[in-house]
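Presented below is the structure to which this report refers.
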Amino acid sequence: MIIPIFSLSGDIAVTVVGQYFFYFMVYSFLGWVLEGTYNLYSNGSFRKEGFLKGPFKPMYGFAPLLLLIARDLTLPFPLFLFLALIIPSAVEFISGWLLKTVFHKQWWDYSGMSYQLQGHICLRFSLYWWGLSVASVYVIQPLMELLYSGVQPIWKFVLPIVGFYFMADLLWTCWSRYRMEKTPQYQK
């Protein structure tokens, strides 16, 4: 069970932040697996370039966390279902826009699909994310909470290592992409 993040103080807040970071990392990794599997099915290769160098897709980590916070607000179920459609699409749109704005590259492009917005989101994939979001909150998250309760005793020791790895990956990726952009052979 997740303790609502809105009513925390002291050591409990640190524990809950660690718990949410665990969920973020696992969901980000599962997103990497999901995209790799989709790419294997559609293009014959598991490896698909993502923003980060490591096996993480942060969009898949942020959207579930936002949905868990929405769930903890005990909103009416129809409103939660609406948010389960909007939140992942908003995360995908903002992520795509930021990546394109900062790094001048578009990692995915839905511009050839119906009902799309600037190629960053489209209705078809928004509906996929909606179904995945509902399944994540009501099917995967209870399993995730069991997993966390099993690893919780060691997580407080592993968390700094995982956090350092993730930050190193993020900084290395930003630095190398910035460097590539400034190299004449990679400029458009």
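The values are calculated or read from the model by the stated rules, or taken from the named source; none is laboratory data. Source: prediction; values computed, not measured. Virtual Cβ from ideal backbone geometry, glycine too; neighbours counted across all protein chains shown. Side chains included, ligands, DNA and RNA excluded: accessible areas come from the protein's heavy atoms. Shrake-Rupley method; radii C 1.70, N 1.55, O 1.52, S 1.80 Å.
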| said: Compute the helix-to-body angle for 77-103: its Cα long axis versus the longest principal axis of the chain, expressed 0 to 90° and rounded to tens. | reply: 40 degrees
| field | Exceeding the 22 Å Cα-Cα cut-off - candidates 48/156; 48/182; 48/105 | value | 48/156; 48/182
| request: Leaving ligands, DNA and RNA out of it, report the carbon-plus-sulfur percent of the accessible area of the stretch 46-93 at a 1.4 Å probe. | output: 81 percent
| query | Under a Cβ-Cβ cut-off of 15 Å, what is the net charge of the residues other than residue 36 that fall near it, where Lys and Arg count +1 and Asp and Glu count -1? | reply | +2
| query | Would you list 72, 109, 169 from the most to the least accessible area, probe 1.4 Å? | reply | 109, 72, 169
| query | Over what distance in Å are the Cα centres of the stretch 89-159 and the stretch 33-82 separated? | reply | 3 Å
| note | With all protein chains in place and a 1.4 Å probe, residue 86 shows an accessible area in Å² (nearest 10) of 70 Å²
| said: Suppose only helical runs count, i.e. DSSP H with n ≥ 4. What mean residue ellipticity at 222 nm does that imply for the chain under -39500 (n - 2.57) per run, divided by all residues and rounded to the nearest 500 deg cm²/dmol? | reply: -24500 deg cm²/dmol
| When only the heavy atoms of the protein chains count and the probe is 1.4 Å, how do 139, 26 rank by accessible area, highest first? | 139, 26
| field | Calculated Rg and Dmax of the Cα atoms in Å (choose from [x] 16.1, 54; [y] 17.8, 54; [z] 15.4, 44), label | value | [y]
| Cβ-placed point charges (K, R +1; D, E -1), dipole of the stretch 1-156 about Cα centre in debye, nearest 20 | 340 debye
| said: If you fit an axis through the alpha-carbon atoms of helix 123-135 and take the longest principal axis of the Cα set of the chain, what angle between them do you get, 0 to 90°, nearest 10? | reply: 20 degrees
| query | How much accessible area does residue 92 have with a 1.4 Å probe, in Å² rounded to the nearest 10? | reply | 10 Å²
| Just by accessible area at a 1.4 angstrom probe, what is the order of 57, 156, 182, 48 from largest to smallest? | 156, 182, 48, 57
